[in-house]
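Visitor: One structure is given below, represented as structure tokens, and several questions about it will come after.
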Amino acid sequence: MKWSRALLPTLKDAPADAEIVSHKLMIRGGYIKKTASGIYSIMPIGLRVLQKIAAIIRDEMNKAGAEELLMPILSPAELWTETGRWSLYGKEMMRVNDRADRKFALGPTHEEVITDIVRSEVRSYRDLPKNLYQIQIKFRDEIRPRFGLIRAREFMMKDAYSFDRDEKGAEAVYAAMFKAYENIFTRCGLKFRAVEAESGNIGGSFSHEFMVLASTGEETIIHCEKCGCAANRERSGGKSGFTGNASEAEKPLEKVSTPKMKSIDEVAAFLKKKPSELVKTLICFVDGEPVAVLLKGDDDLNEHKLKRQMDATEVFMADAKSVEKLTSAPVGFAGPAGLKNIKIVADESLKLMKNFVTGANEADTHLQNVNHGRDFKVDAFFDLRFACEGDSCVSCGHTLNSQKGIEVGHTFKLGTKYTEKMKADFLDETGKRQTLIMGCYGIGVSRMMAAAVEQCNDAAGIIWPLEIAPYHAVITAINYQDEAIKVAADKLYGALSAAGIEVLLDDREMSAGFKFKDAELIGIPIRITVGARGLKEDSFEIAVRKTKETIMIKTGEAVAKIKELAAHAG
RNA sequence: CGGGGCGUAGCUCAGGUGGCUAGAGCACUUGCUUUGGGAGCAAGGGGUCGCACGUUCAAGUCGUGUCGCCCCGACCA
């Protein structure tokens with residue numbers, strides 16, 4: 001492609017509304033253009049990247065025995081009603097009515113649709129297993145779209161759905177998908193980590209997330225270098241090194257005035273204590289019931305753990321009004337002692353604590369030397385805190401590290417969650433009706449493009465891994481108006497194209513510096529400079545974007561060298 | 001949905017206590033010069049100042065409403 005003919009608008013300044021590096025660089029590099037909030041047009045070179053990622057995904061999915069299909073973007077309300085998700089999904093699912101006023105959803109995911117297809121076509125164990133996938137636009141009306149393609153409302157997704165006759169089969173396909181995912185991210189040239197995860201809205205029994213590692217990622221991964229286990233911060237159950245003071249004698253309860261001290265840090269500083277000597281009391285609603293949750297002052301509540309431990313479907317923090325009503329004190333002064341009509345659950349660390357500080361359920365007042373058993377009764381102890389760096393690994397005891405990542409893939413073992421409700425079953429060898437066992441496997445294709453940029457960039461711009469770069473090479477023709485340069489550049493362009501190298505020829509009437517900056521901004525892995533200086537020596541200059549390494553090469557050897565570089569860069 | 005902010009040229013942004021013809025840089029067009037790190041000179045084109053209503057002799061500027069966009073939070077691939 002000749003640059004002068006491409007729609008490839010680069011920008012010196014990033015638009016004011018771009019916040020993170022991938023968003024800025026993709027807009028500046030002409031990869032994407034915002035059409036509405038959270039809705040982007042993919043510009044030509046952006047599409048090239050997306051298609052390369054998609055091609056790798058297709059290849060690995062096909063190799064793993066999956067079969068591609070394409071489902072409609074609109075799905076009828078009736079299917080969603082069958083699983084209950086028409087009402088459960090909430091506003092994130094965009095709903096539309098057709099001319100006859102029939103209700104449809106803009107597909108945020110396709111479990112219902114695929115299950116409907118499979119239940120009507122699969123009747124016998126002989127038809128199993130099945131693993132079907134599509135690469136398609138999804139729409140989720142996000143509460144707050146942000147970060148460009150990282151959290152867009154409309155996005156490209158690969159979603160696969162497997163159907164098996166038994167657990168053994170389901171686990172085998174899950175393992176195959178896991179392996180395929182590892183291959184996909186590796187082939188795309190990305191550093192990533194697979195972690196244990198919460199299954200969230202989709203549901204199911206277990207699940208993994210695939211994180212592209214990037215310091216700017218929103219997700220926190222807790223992992224163990226020694227045994228290799230890794231989990232999303234929400235899921236991770238590290239053991240804290242907290243030893244407590246359980247052997248201390250119980251001291252008499254004491255009321256202290258703490259005017260306007262609401263936060264743990266304020267109270268701790270005021271009482272000259274460490275935050276870990278305080279206990280925070282959080283009022284939550286667990287399936288509508290108020291619950292007081294106690295944690296060591298420097299720990300944070302992991303609501304997912306609370307939800308799981310209490311076998312609840314919905315957990316949220318109480319609003320200020322409810323807190324005041326339940327504790328008869330303003331927010332910031334809640335404590336377990338004296339609480340009535342409310343269940344009290346505590347993190348396990350409290351077992352090790354004596355003579356701690358809590359709120360007094362009274363404005364501007366805290367209690368010192370509080371002890372459970374004596375001053376209040378804990379209904380249950382659970383692991384409720386967020387694991388953090390420095391905790392020790394539950395499986396091997398080694399110290400845990402944390403990393404930031406961007407979630408680009410998610411695999412779920414769904415079991416019969418959908419197939420049961422939708423009566424998707426088959427007859428086994430004995431003629432008995434059995435429910436299909438399902439799994440689902442997603443990759444955010446467009447998010448992956450953004451995550452790659454987030455992982456691979458420098459001050460000058462994007463640094464694409466070769467496998468997903470829009471072009472392998474760019475020929476920067478300095479002064480293309482000069483006949484000798486034009487001839488040399490055109491010849492090289494033709495030779496590279498013939499050799500299967502995807503190459504962009506910068507034939508614009510721009511100054512050299514401008515073209516260099518543009519080439520670096522859009523992130524093409526290999527740049528070949530064709531200019532008078534090199535031609536005098538019958539040479540071109542080759543520059544590798546990633547290493548900034550430059551070499552002079554005789555014009556006749558350029559194609560071979562570039563082919564070699566392209567092969568190695570991967 | 002709660003809190004905050006912003007809408008002026010393709011992009012970044014001035015102007016804002018009302019005042020006559022709305023500005024700058026970058027980008028764009030033409031010409032000349034230039035050509036190995038975001039070139040120089042000259043001449044140009046481009047705006048219903050988000051939209052509506054109101055106040056006023058007069059609104060980019062003040063008021064009300066509305067729409068859009070962004071940030072923080074709750075929520076999430």
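What follows draws every value from the coordinates through simple rules; no lab data is involved. The structure presented is a predicted model; accordingly, all values stated were derived computationally and were not measured. Positions of Cβ are backbone-derived with ideal geometry, glycine not excepted, and every protein chain shown enters the neighbour counts.
Visitor: If each of A:Lys421 and A:Lys226 carries a label point 7 Å out from its Cα toward its Cβ, how far apart are those two points in nm?
Guide: 4.3
Visitor: I need the calculated FRET efficiency for the pair A:Ala498 and A:Thr186, taking r as the beta carbon distance and R₀ as 22 Å, to the nearest 0.05. Write down the numbers at each step before the final one.
Guide: Numbers: r = 30 Å, r/R0 = 1.35.
Computed FRET efficiency for A:Ala498 and A:Thr186 comes out at 0.15.
Visitor: A further question follows. Does anything in the range A:301-316 have its amide N under 11 Å from the 7 Å Cα→Cβ label point of A:Glu289, and if so which residues?
Guide: Correct set: A:310-312.
Visitor: Another one. If you place +1 on the Cβ of every Lys and Arg, -1 on the Cβ of every Asp and Glu, and leave all else neutral, what size is the dipole of chain A about its Cα centre, to the nearest 20 Debye?
Guide: So the dipole magnitude of chain A works out to roughly 560 debye.
Visitor: Taking K and R as +1 and D and E as -1, what net charge do the other residues with C-beta under 11 Å from the C-beta of A:Glu121 add up to?
Guide: Details: positive: A:Arg119, A:Arg123, A:Lys130; negative: A:Asp116, A:Asp127.
Net of charged neighbours comes to +1.
Visitor: R0 = 56 Å: FRET efficiency of A:Arg123 with A:Phe514, Cβ-based, nearest 0.05? Provide the component values of the computation, followed by the final result.
Guide: Values: r = 64 Å, r/R0 = 1.15.
That gives a FRET efficiency of 0.30.
Visitor: ³J(HN,Hα) across the range A:241-257 via Karplus (A = 6.51, B = -1.76, C = 1.60, θ = phi - 60°), whole Hz, x for Gly/Pro?
Guide: x, 4, 9, x, 9, 4, 7, 5, 6, 6, 9, x, 4, 9, 8, 10, 7
Visitor: Now a separate question. What angle, in degrees between 0 and 90 and rounded to the nearest 10, separates the Cα long axis of helix A:167-187 from the longest principal axis of the Cα atoms of chain A?
Guide: That helix lies at roughly 50 degrees to the long axis.
Visitor: If you don't mind, another one. So which cysteines in chain A don't have a second cysteine's C-beta under 4.7 Å from them?
Guide: When partners are defined as cysteine Cβ atoms under 4.7 Å apart, chain A leaves A:Cys188, A:Cys229, A:Cys284, A:Cys388, A:Cys440, A:Cys456 without one.
Visitor: Would you calculate a helix-derived [θ] at 222 nm for chain A, using -39,500 (n - 2.57) for each DSSP H run of n ≥ 4 and dividing by the full residue count, to the nearest 500? Before the final figure, lay out the partial values.
Guide: Working: 15 runs with 153 residues, N = 570.
Roughly -8000 deg cm²/dmol at 222 nm, from the helical runs in chain A.
Visitor: Still on this model: Tally the DSSP beta bridges in the range A:471-568 and give the antiparallel ones as a percent, rounded to 5. Before the final figure, lay out each step's value.
Guide: Details: 9 of 18 bridges.
Taking every DSSP beta bridge within the range A:471-568, about 50 percent pair in antiparallel fashion.
Visitor: Given H placed on each backbone N at 1.01 Å, which residues far from A:Thr216 in sequence or on other chains put an amide H within less than 5 Å of it?
Guide: For A:Thr216, whose amide H was placed from the backbone, there are no distant partners under 5 Å.
Visitor: If the reach is capped at under 20 angstrom between alpha carbons, list the aspartates and glutamates near A:Lys546, excluding any in the same chain fewer than eight residues apart.
Guide: A:Glu454, A:Asp458, A:Glu467, A:Glu502, A:Asp506, A:Asp518, A:Glu520, A:Glu564
Visitor: Identify all aspartates and glutamates with a Cα-Cα distance to A:Lys138 below 17 Å; exclude those on the same chain that are fewer than 8 residues away in sequence.
Guide: A:Glu68, A:Glu92, A:Glu111, A:Glu112, A:Glu154, A:Asp159, A:Glu407
Visitor: Mind giving me the FRET efficiency for A:Arg308 and A:Glu564? R0 is 51 Å, r the Cβ-Cβ distance, nearest 0.05 is fine. Don't skip to the answer; put the middle values down first.
Guide: On the way: r = 53 Å, r/R0 = 1.04.
With a Förster radius of 51 Å, E is 0.45.
Visitor: While we're here: Could you list which residues have their amide H under 5 Å from that of A:Lys191, counting only those 5 or more apart in sequence or on another chain, with H placed in the peptide plane?
Guide: When sequence neighbours closer than 5 places are left aside, the close amide H contacts are A:Leu213.
Visitor: In terms of modelled amide H atoms, which long-range or inter-chain residues lie less than 5 Å from the amide H of A:Asp364?
Guide: A:Lys260
Visitor: If each residue of separation counts as 0.36 nm, what is the full-extension length gain between A:Lys404 and A:Lys34 once their alpha-carbon separation is subtracted? Before the final figure, lay out each step's value.
Guide: On the way: separation 370, 0.36 × 370 = 133.20 nm, distance 2.66 nm.
So the extension gain works out to 130.5 nm.
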